[in-house]
Amino acid sequence: MNILFIPTFFLINSILFDIEYVKAQQTLPTGCLDAFRAASLSAHNQYRSLCGVSPLSESSLIDASAQNYSTKMATTNLFQHSGNSLYGENLYEQLTSQALTVSLCSQIGNQSVASWYSEIANYNFSNPGFASNTGHYTQVVWKSSTMLGMGLGWSIQNGYNYYYVVGQYSPPGNYLGEFGSNVLPPLSTLTTTTTTSSTTNAPSSPTTISVRQDFVFV
């Protein structure tokens, strides 16, 4: 009879890793996700209206996809794209000392979309096309995208709160060769307030330490 022997050192470390894995990812407060999604959808459609583009509709199917992936990022602390080719995808991460509340959930919804939209300052409407510093903006206002799903993940690491935002879009935007017909010049502008690392029209938290974001293009 063969007996499998697992060294105690590796067994203990595996258990400790599993405990830390569970501790890091946090459960969202009741009402948080609804507030976050409502704010995110409203912000998207406010910005799209500035360009004369039809509003996005919330999709429960895409919401579930985005939420699954935002939770995965919170549990693994890996800030990278899902690789889901069905949807366009914008990512946003915020590191802060402020614990999550329903009010902050709404604020993060506003801030993430405002940060993506702020890239409009870099976009050249006279020469439409892809650029690495405008990809979030172009997906937010992409004319052919009609449905939106949003996810929010939360983890605590080394005493800090990490908030992971996933925006997924259908049909996907950022198709090469289609920018001219899908990214339209704004008809009006919106006054925004600049924070430490992003541009937003929502009240900003003085305890925000850093943000980062990423997007997908085809």
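The values are calculated or read from the model by the stated rules, or taken from the named source; none is laboratory data. Bear in mind that the values here come from a model prediction, so they are computed numbers and not experimental data. Ideal geometry is used to build each Cβ from the backbone, glycine not excepted, and the neighbour counts take in all protein chains shown. Ligands, DNA and RNA are stripped out before the accessible areas are found, and what is left, the full protein with its side chains, is counted by its heavy atoms. Shrake-Rupley method; radii C 1.70, N 1.55, O 1.52, S 1.80 Å.
Over the alpha-carbon set of region 27-93, divide Rg by the Kirkwood Rh and report the Rg/Rh ratio to two decimals.
0.99
Can I get the semi-axes of region 44-133's equivalent ellipsoid? Compute them from the C-alpha gyration tensor as square roots of 5 times the eigenvalues, in angstrom, largest first.
Over the Cα atoms of region 44-133, the semi-axes work out to 24, 17, 16 Å.
Quick check: with the 1.4 Å probe, what order do E119, E58 take by accessible area, largest first?
Of E119, E58, the descending order of accessible area is E58, E119.
Could you state the accessible area per residue of region 42-123 in Å², with a 1.4 Å probe and every protein chain left in place?
On a per-residue basis, region 42-123 sits at 38 Å².
Could you give the length gained on full extension between S85 and S54, defined as 0.36 nm per residue of separation minus the Cα-Cα distance, in nm?
So the chain would gain 8.8 nm between S85 and S54.
Of all accessible surface on region 29-182 at a 1.4 Å probe, what whole percent is carbon and sulfur?
51
From largest accessible area down, sort L148, L86; use a 1.4 Å probe on the protein chains.
Listed by decreasing accessible area, they come as L86, L148.
Based on the Cβ-Cβ distance from Y160 to N124, what FRET efficiency comes out when R0 is 35 Å, to the nearest 0.05?
FRET efficiency, Y160 to N124: 0.40.
Under 5 Å between amide H atoms, partner at least 5 residues away or on a different chain: which partners does V53 have, H built in plane at 1.01 Å?
It is none; the list stays empty.
Peptides 138-144, 173-179, 66-72: what's the order by average Cβ count within 10 Å, highest mean first?
138-144, 66-72, 173-179
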